[in-house]
Amino acid sequence: MGKIRSPENVELICSRIVDGRNLREIGRELGCDASAIAHWLDEDPSFAQRYARAKDAMTEIMAADILEIADDGINDWVTRAGEDGESVTVPDHEHIQRSRLRVDARKWYASKLVPKKY
């Protein structure tokens, strides 16, 4: 556990958190369990503060992602051949539902990370 505790890894962990990665993914990258990072957070108030700021930045980015996904209608329509062989443009319900799921997942996650804000 001691070998993961370095200023370089604080930077790496916090930058990965801002990018939306989770502790399990980061732990694999560092060659440790997520619990080792969590234990380090419990023991090091300075690291915990940096981590908390990284989480805040991540939720701000996530909020921006929600707006971007919701505003992006590029793939909401698809052109298909109609019964008469003519091209017809119709809603792509699968894409629309996937976008809704992506927005809902981000809203849910943000509400768990920062419940007072979201």
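The values are calculated or read from the model by the stated rules, or taken from the named source; none is laboratory data. Quantities reported herein were computed from a predicted structural model and do not represent experimental measurements. Every residue, glycine as well, gets a Cβ built from its backbone with ideal geometry; the counts of neighbours run over all protein chains shown. Heavy atoms of the whole protein, side chains included, go into the accessibility calculation; ligands, DNA and RNA do not. Shrake-Rupley method; radii C 1.70, N 1.55, O 1.52, S 1.80 Å.
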Members of the stretch 24-58 that are charged (D, E, K, R), over 14 Å from Ser6 (Cα atoms) and touching a residue at least 40 places away in the same chain (Cβ under 8 Å): Lys55, Asp56
Residue among Ser87, Ser99, Ser111 that alone is over 19 Å from the mean Cα position of the chain (by Cα) and polar (S, T, N, Q): Ser87
Any hit, the stretch 40-50, residues being touching an Asp or Glu at 6+ places or on another chain (Cβ under 6 Å), surrounded by 10 or more Cβ atoms within 10 Å (Cβ to Cβ) and not in a helix (DSSP H, G or I): no
Residue tally, condition charged (D, E, K, R), modelled with pLDDT under 95 and open to solvent by 100 Å² or more (accessible area, probe 1.4 Å), over the stretch 95-118: 4
When residues of the stretch 59-77 are limited to those that are more than 13 Å from Val103 (Cα to Cα), in a loop (DSSP other than H, G, I, E, B) and touching a residue at least 12 places away in the same chain (Cβ under 8 Å), the one least open to solvent (accessible area, probe 1.4 Å): Asp76
Residues of the stretch 81-90 satisfying the condition of being in a strand (DSSP E or B) and surrounded by 11 or more Cβ atoms within 10 Å (Cβ to Cβ): Val88
